[in-house]
Amino acid sequence: MRMIGSVVVAILAAATSAETLAQPNAGNLTAIYGPLAMEEGVWDADVTFYEADKPGPHALGVQTNTLLANRHWIVNDLRIPATDKTPAYQGHGIWGYDPVAKTYVNTWVDTNDLGVRTDYGFWYEAENTMIWSSKQNDGQGHFVNYRMTEEFKGDTRVFTVYQLGLAKPKEHP
């Protein structure tokens, strides 16, 4: 299935009070697994890379998202061909709701990173947004905090990645 839409990667910061961010009711399977179904399909990826907190190179690719047979886990595969400004990129992940941890869990590997990234997230139904947090080694012995948001806007998903600075707690691309 080919979705008419796109994935846009950008950098945005959002502040939301903790009490408004509730986990889905474990008894409501539609609420828990609905966000996975919203991501299923083949999406055009329109990606903006950031350098020094400013939009940098731009690339186009394709993300293919396939639900497992039980529809409780989804496999993501993102591919962006090389351009004159950016090398080829490939990322692969699997995510779903972990009933033991009582949260969404994502495992991601890609051609930019030296290790596996594990993200923990929650579904913010009021804004149709998945919010992810993770820590990843920067290859120099530091762990960097990341936050990702995935906003569902009809036939468009906006996936935003930002990190918290090591020296100062400033969010930046």
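The values are calculated or read from the model by the stated rules, or taken from the named source; none is laboratory data. The shown structure was predicted, so the numbers you read here are calculated from the model rather than taken from an experiment. Here Cβ is always computed from backbone atoms with ideal geometry, including for glycine, and neighbour counts include all displayed protein chains. These area figures cover heavy atoms from the full protein model, side chains too; ligands, DNA and RNA do not enter into them. Shrake-Rupley method; radii C 1.70, N 1.55, O 1.52, S 1.80 Å.
So here's what we get for this one:
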read-out	value
Candidate set from the range 49-75 (those that are of a type in the set (Ser, Thr, Tyr) and at pLDDT 90 or above); member that is nearest to Trp95 (Cα to Cα)	Thr66
Within the range 65-76, considering residues that are in contact with a Leu (Cβ under 8 Å, 6 or more places away or on another chain) and more than 14 Å from Asp110 (Cα to Cα), the one least open to solvent (accessible area, probe 1.4 Å)	Ile74
Inter-residue pairs, beta-carbon under 6 Å, first closer than 19 Å to Phe49 by Cβ and in the range 86-101, second open to solvent by 70 Å² or more (accessible area, probe 1.4 Å) and among the basic types (Lys, Arg), 6+ apart	Gln90/Arg79
Extreme residue, most open to solvent (accessible area, probe 1.4 Å), among residues of the range 126-145 that are among the small types (Gly, Ala, Ser) and in a strand (DSSP E or B)	Ser133
Identity of the residue in the range 105-125, touching a residue at least 12 places away in the same chain (Cβ under 8 Å) and outside any strand (DSSP E or B), that ends up farthest from Gln63 (Cα to Cα)	Glu125
Tally of residues being surrounded by fewer than 18 Cβ atoms within 10 Å (Cβ to Cβ) and in a strand (DSSP E or B) across the range 77-104	7
Where a residue in the range 146-158 is more than 12 Å from Trp132 (Cβ to Cβ) and in a strand (DSSP E or B) and its partner, wherever it lies, is of a type in the set (A, V, I, L, M, F, W, C) and open to solvent by 60 Å² or more (accessible area, probe 1.4 Å), with Cβ under 7 Å and at least six apart	Phe152/Met38
